[in-house]
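The values are calculated or read from the model by the stated rules, or taken from the named source; none is laboratory data. Please read all numbers here as calculations on a predicted model, not as lab measurements. When we count neighbours, we look across all protein chains shown, and the Cβ atoms used for this are built from the backbone with ideal geometry, even at glycine. Keep in mind that these areas ignore ligands, DNA and RNA; they rest on the heavy atoms of the full protein, side chains included. Shrake-Rupley method; radii C 1.70, N 1.55, O 1.52, S 1.80 Å.
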Amino acid sequence: MTWSITMADMRHEGFEEGLQQGREQGAYQNKLETAKAFLSEGLAPQMVARCTNLPLDVVQELAQTK
């Protein structure tokens, strides 16, 4: 395999990895925004944690900062 092909493959793998990380961060941010909305509607932190699949301590922290 030539050096240029190897470098192109590495760049492609890095791009794909970065894209996946961005998707994961976006999904987590979406969960946080959804949790904030649920909390603002008066839902209990335990229910919000179950509905968003966020850890209860994260939801409780969001509840304190709203």
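Could you list, in sequence order, the residues of segment 56-66 that are touching a residue at least 24 places away in the same chain (Cβ under 8 Å) and either of a type in the set (Ser, Thr, Tyr) or open to solvent by 50 Å² or more (accessible area, probe 1.4 Å) (or both)?
Across segment 56-66, the qualifying residue is only LYS66.
Which of the residues belonging to segment 17-40 are within 15 Å of THR65 (Cα to Cα) and of a type in the set (Asp, Glu)?
Residue satisfying the conditions is GLU33 alone.
Could you give every pair whose Cβ atoms fall below 6 Å, whose first residue belongs to segment 28-41 and is closer than 16 Å to GLN60 by Cβ, and whose second residue is outside any helix (DSSP H, G or I), counting only separations of at least 6 or pairs across chains?
Cβ pairs passing all conditions: LYS31/LEU54; ALA35/LEU54; LEU39/LYS66.
Kindly indicate whether any position in segment 10-25 is aliphatic (A, V, I, L, M), over 19 Å from the mean Cα position of the chain (by Cα) and surrounded by 10 or more Cβ atoms within 10 Å (Cβ to Cβ). First the steps, then the outcome.
We begin by selecting, within segment 10-25, every residue aliphatic (A, V, I, L, M); these are 10, 19.
Still in the running and over 19 Å from the mean Cα position of the chain (by Cα): 10.
Subsequent filtering for residues that are surrounded by 10 or more Cβ atoms within 10 Å (Cβ to Cβ) retains 10.
Within segment 10-25, one or more residues are aliphatic (A, V, I, L, M), over 19 Å from the mean Cα position of the chain (by Cα) and surrounded by 10 or more Cβ atoms within 10 Å (Cβ to Cβ).
Can you say whether ASN53 is open to solvent by 80 Å² or more (accessible area, probe 1.4 Å) and on the phi > 0 side of the Ramachandran plot, as far as the supplied structure shows?
Numbers: open to solvent by 80 Å² or more (accessible area, probe 1.4 Å): yes; on the phi > 0 side of the Ramachandran plot: yes.
Answer is yes for this residue.
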